[in-house]
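S.K.: Can you read through this structure? Questions will come right after.
Bear in mind these aren't lab numbers, they're just calculated from the coordinates by the rules spelled out. Since we're looking at a predicted model, the values are computed, not measured. So basically every Cβ, Gly included, is an ideal-geometry build from the backbone, and we count neighbours across all protein chains shown.
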Amino acid sequence: MNKKIKLNTKKVAFCRFKKLGKNYLITNDIGNHFLLSPELFKQYMGGTLDRGSETYRELEKREFIGDSLDRRKIVDEYRKRNGFVFLGPSLHIVVTTLRCNYNCVYCQASSRNLKEKGYDMDIETAKKTVDTIFCSPSKVITIEFQGGEPLVNWPVVKFIVEYARKKNEKAGKNLFITLVTNLSLLTEEKYKFLTKNRVIFCTSLDGPKELHNKNRPWPGKDSYQATSGWIKKIQDRQKKDTDLYHISALLTVSRFSLGHSKEIIDTYRRFGFSGIHLRPLSFLGLSGKMRNGIGYSAEEFLAYWRETMDYIISLNLKGEYFAERGSKIMLQKILTDRDPGFLDLRSPCGAGIGQLLYNYDGKVYTCDEGRMLGSNTFLIGNVKENSYKEIISHDTVKSLCVASLLESLPCDNCAYKPYCGVCPVLNYALYGDIFTFMPGNEKCQLHRGMLDYLFEKLQNKEIEEVFKSWVEPQID
């Protein structure tokens, strides 16, 4: 802080601050924020703000004024925002197989060739997996099929869907089932079964045909044609039957994506999608081994991300709704008091307490990233041998909670703390330690760069209205 500014500890409630352009951004633990000019910031910190001014009244409303602080409100709001800690794992990722028919250049799961054996989940393991999932006290359960390509092991996918629906007749949970698939092995028979059982489809779409096929090659075949064909079929049927869940698509940004902002967004628009998630590479699994060929620096990704965001915002200013999911998650934390349910931006993170991953062999890991290391470092049990209580009480789960608690990290001093989170598994993979100095690593650079951009754009009233439309509760 500027040495000329004297802090009035009685009049100033606890806050964090940072210089943002010419102004100062202040935030507090319940996620409220306010932007102050240098002069107003000096007055605020010194306790000399005019009590009758609009600025003072707004700061008081947002719990930034010390001598009128509603401490009970602060505690209640903090509990509300962090209530996920007590709910139990809601996301349960099931790897039915590690085998896959694609050779994606950024594969995080280290998938195996279709001809390889010993990488498929069997029915007995599948049954014990579902039994373990339903031990979670969470009222909301999402079973997410991943791989490999889950449809390679169709009998087990089918069994889990049917068995989970049957168990839930008694459990009465809010059950969601999601299939993450490249769609290439989908058939009419499988599609009818999945839609009948209200399974949500999620696929990967990396942009126009040439780019998609470069990122996601299917030996001897056209991966873009397979994916785009089924996207169109599913969307056409959803127009006729609005009760069907809409298919969603995910983008993974490789080095090949850079410089193609407009083409990628226009591809999503052409398919009728109302948003996109500009996801950077994680550098886990094959993605890490291929980093020199497909990777980029944090600065390069942020330059691409800002360019793409500028284009997305321009579309919205012309009247077209199109959102960027990563920004939408951060904006919901900034502009509302609702938790977006994104496990990577929580303190502590979702590893073990928000999600669990069940591998094809029954091994349970703290999270999806935990199994991607290809080691047992984050292994916390096996459905064939351990009870739910033993799995969830594993020392590794406790360690990851401590390692991702922002209050115990240098992050506690950052103005962006209420909107951010760390991944100790990724820290371990990249730096060899679940505890790492966050301000120096790439993930921190990405989060800070994105939040800088969002707060800068929020100063524009037109763009602020665009961002508010993204986080309205009625918008999916």
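S.K.: So what are the three principal axis dimensions of the stretch 257-393 from its Cα atoms, in whole Å, longest to shortest?
M.R.: Rounded to whole Å, the extents work out to 57, 41, 28 Å.
S.K.: Still on this structure: Short version: what are the Cα gyration tensor semi-axes of the stretch 1-87, square root of 5 times each eigenvalue, largest first, in whole Å? Don't jump to the answer; show the numbers that get you there.
M.R.: Details: eigenvalues 121, 44, 25 Å².
Sorted largest first and rounded, they come to 25, 15, 11 Å.
S.K.: Determine the percent antiparallel among the DSSP beta bridges restricted to the chain, to the nearest 5. Don't skip to the end; give the middle numbers.
M.R.: Values: 17 of 46 bridges.
The antiparallel proportion sits near 35 percent.
S.K.: For the stretch 87-143, what does the relative contact order come out to in percent, with C-alpha contacts under 8 Å and a separation of six or more?
M.R.: 57 percent
S.K.: Quickly estimate the mean residue ellipticity at 222 nm for the chain, helices only: each DSSP H run with n ≥ 4 gives -39500 (n - 2.57), and the total goes over all residues, rounded to 500.
M.R.: About -12000 deg cm²/dmol.
S.K.: Okay, next question. Using the charge dipole of the stretch 136-239 (Lys, Arg: +1 at Cβ; Asp, Glu: -1 at Cβ; taken about the Cα centre), state which of LEU205, VAL140, ALA226 has its Cα farthest towards the positive end.
M.R.: Farthest towards the positive pole: VAL140.
S.K.: Reachable lysines from LYS289, Cα under 21 Å, same-chain residues fewer than 8 places away excluded?
M.R.: LYS214, LYS443
S.K.: Using the Cα centre of the chain as the reference point, and only Cβ charges (+1 on K/R, -1 on D/E), how large is the resulting charge dipole? Debye, rounded to the nearest 20.
M.R.: In debye, rounded to 20, the chain gives about 300.
S.K.: Straight-line reach from LYS461: which aspartates and glutamates have a Cα under 16 Å away, not including same-chain ones fewer than 8 places off?
M.R.: Once the sequence-local aspartates and glutamates are set aside, what remains near LYS461 is ASP310.
S.K.: Return the sequence-ordered ³J(HN,Hα) values of the stretch 133-141 in whole Hz as given by the Karplus equation 6.51 cos²θ - 1.76 cosθ + 1.60 applied to θ = phi - 60°, using x for Gly and Pro.
M.R.: In residue order, the calculated couplings are 4, 6, 7, 5, x, 4, 6, 10, 10 Hz.
S.K.: Counting Lys +1, Arg +1, Asp -1, Glu -1, what net charge surrounds ARG99 among other residues with beta carbon under 12 Å of its beta carbon? It would help to have the intermediate numbers written out before the result.
M.R.: Details: positive: ARG112, LYS115, LYS117; negative: GLU116, ASP120, GLU149.
Here the charged neighbours net out to 0.
S.K.: Considering Cα pairs under 8 angstrom that are at least six residues apart, work out the relative contact order of the stretch 393-476 and quote it in whole percent.
M.R.: 20 percent
S.K.: Using a Cα-Cα cut-off of under 21 Å, which lysines could be cross-linked to LYS73, ignoring same-chain neighbours fewer than 8 residues away?
M.R.: The qualifying lysines are LYS10, LYS11, LYS61, LYS333, LYS417.
S.K.: Please report the base-10 log of the normalised intensity I(q)/I(0) for the stretch 325-476, using a Debye sum with one equal scatterer per alpha carbon and no solvent, at each q in 0.15 (1/Å).
M.R.: Here the Debye-derived log intensity ratios amount to -0.83.
S.K.: Exceeding 30 Å between C-alpha atoms, which entries from my cross-link table qualify? They are LYS262/LYS363; LYS115/LYS239; LYS232/LYS262; LYS80/LYS196.
M.R.: Beyond 30 Å between Cα atoms: LYS262/LYS363; LYS115/LYS239; LYS80/LYS196.
S.K.: Match the structure shown to one of the listed values (1) 72, 50, 45; (2) 85, 60, 43; (3) 84, 82, 38 of Cα extents along the principal axes in Å, computed from it, and give that label.
M.R.: (1)
S.K.: Let me ask something additional. Bin by bin, in steps of 5 Å, what percent of the Cα pairs in the stretch 106-211 do you find, going until the bin that has the longest distance?
M.R.: 2, 10, 21, 22, 19, 14, 7, 3, 1, 0
S.K.: Test of understanding: extend the Cα→C-beta vector of ASP122 to 7 Å, then name every residue of the stretch 380-396 with backbone N under 13 Å from that spot.
M.R.: Answer for this model: 384.
S.K.: Go through the stretch 1-58 and name the chymotrypsin sites (Phe, Trp or Tyr not before Pro) that are in a DSSP coil and have 14 or fewer other Cβ atoms within 10 Å of their Cβ.
M.R.: Counting only loop positions with at most 14 other Cβ atoms within 10 Å, the chymotrypsin sites (Phe, Trp or Tyr not before Pro) in the stretch 1-58 are PHE14.
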